[in-house]
Amino acid sequence: QVQLVESGGGLVQPGGSLRLSCAASGIIFSIYHMGWYRQAPGKQRELVARITSGGTANYADSVKGRFTISRENAKNTVYLQMNSLSPEDTAVYYCNAALGGLSSWGQGTQVTASS
């Protein structure tokens with residue numbers, strides 16, 4: 001059974017930083033493409049960043065230059081380093097694992113950028 005557990009969310013002042021982690025179990029982590037998505041109140045879930053099994057990363061235009069996705073296969077973990085956070089980044093952030101037609105989600109972690 002696939003399990004994805006996010007951590008690292010919280011409240012931060014605008015301009016601050018957070019690092020999210022997603023620990024995976026029940027899958028051969030190294031062959032999965034991993035992603036971070038977010039959903040703000042009243043909005044659709046959107047892709048934030050994605051990293052392929054080979055380590056290629058891509059980002060939403062809104063976070064380019066501020067966020068960095070990385071993975072550590074030895075720990076079955078994917079990270080999202082978020083810098084220069086703004087109130088517009090406030091959302092629930094979800095981890096996703098994808099392989100072919102398979103897709104699994106974590107429970108989400110709240111990120112709030114507010115003074």
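Which one is most open to solvent (accessible area, probe 1.4 Å), of the residues in region 87-104 that are under 20 Å from I27 (Cβ atoms) and either within 10 Å of the chain's Cα centre (by Cα) or charged (D, E, K, R) (or both)? Even if it seems obvious, please write down each step before you answer.
We begin by selecting, within region 87-104, every residue under 20 Å from I27 (Cβ atoms); these are 93-104.
Restricting the remaining residues to those that are either within 10 Å of the chain's Cα centre (by Cα) or charged (D, E, K, R) (or both) gives 93-96.
On the way: Y93: 0, Y94: 38, C95: 0, N96: 9 Å².
Looking at residues that are under 20 Å from I27 (Cβ atoms) and either within 10 Å of the chain's Cα centre (by Cα) or charged (D, E, K, R) (or both), I get Y94.
Assess whether G35 counts as being modelled with pLDDT of 95 or more, within 14 Å of the chain's Cα centre (by Cα) and at positive phi. Walk me through it before giving the result.
Details: modelled with pLDDT of 95 or more: yes; within 14 Å of the chain's Cα centre (by Cα): yes; at positive phi: no.
It is false that G35 is modelled with pLDDT of 95 or more, within 14 Å of the chain's Cα centre (by Cα) and at positive phi.
How many residues, within region 87-102, are in a strand (DSSP E or B) and at pLDDT 95 or above? Don't jump to the end; show me each part of the working.
Step one: filter region 87-102 for residues in a strand (DSSP E or B), giving 91-99, 102.
Now narrow it down to the ones that are at pLDDT 95 or above: 91-99.
Count: 9.
So which of R38, R19 is in contact with a strand residue (DSSP E or B) (Cβ under 7 Å, 6 or more places away or on another chain), open to solvent by 70 Å² or more (accessible area, probe 1.4 Å) and not hydroxyl-bearing (S, T, Y)?
None of the other options fit; the residue is R19.
Within region 105-115, which residues are open to solvent by less than 80 Å² (accessible area, probe 1.4 Å) and either more than 22 Å from R19 (Cβ to Cβ) or in a loop (DSSP other than H, G, I, E, B) (or both)?
The answer is G106, G108, S114.
Take the conditions among the basic types (K, R), within 10 Å of the chain's Cα centre (by Cα) and at pLDDT 95 or above and apply them to R66. Does it pass?
Working: among the basic types (K, R): yes; within 10 Å of the chain's Cα centre (by Cα): no; at pLDDT 95 or above: yes.
For R66, the condition - among the basic types (K, R), within 10 Å of the chain's Cα centre (by Cα) and at pLDDT 95 or above - is not met.
Only residues in region 90-103 that are touching a residue at least 60 places away in the same chain (Cβ under 8 Å) count as the first member; pair them with residues that are surrounded by fewer than 18 Cβ atoms within 10 Å (Cβ to Cβ) and of a type in the set (S, T, Y), Cβ under 9 angstrom, at least 6 apart or cross-chain, and list the lot.
Note: pairs meeting the criteria are C95/S21; C95/S104; N96/S103; N96/S104; A97/S103; A97/S104; A98/S104; L99/S53.
So which residues in region 71-86 are under 15 Å from V48 (Cα atoms), open to solvent by 50 Å² or more (accessible area, probe 1.4 Å) and outside any loop (DSSP other than H, G, I, E, B), if there are any at all?
Q81
The values are calculated or read from the model by the stated rules, or taken from the named source; none is laboratory data. These numbers were taken from a predicted model, which means no experiment stands behind them. FYI the Cβ positions are ideal-geometry reconstructions off the backbone, even for glycines, and counts take in every protein chain you see. Accessible surface is based on the protein model in full, side chains and every heavy atom, while ligands, DNA and RNA are left aside. Shrake-Rupley method; radii C 1.70, N 1.55, O 1.52, S 1.80 Å.
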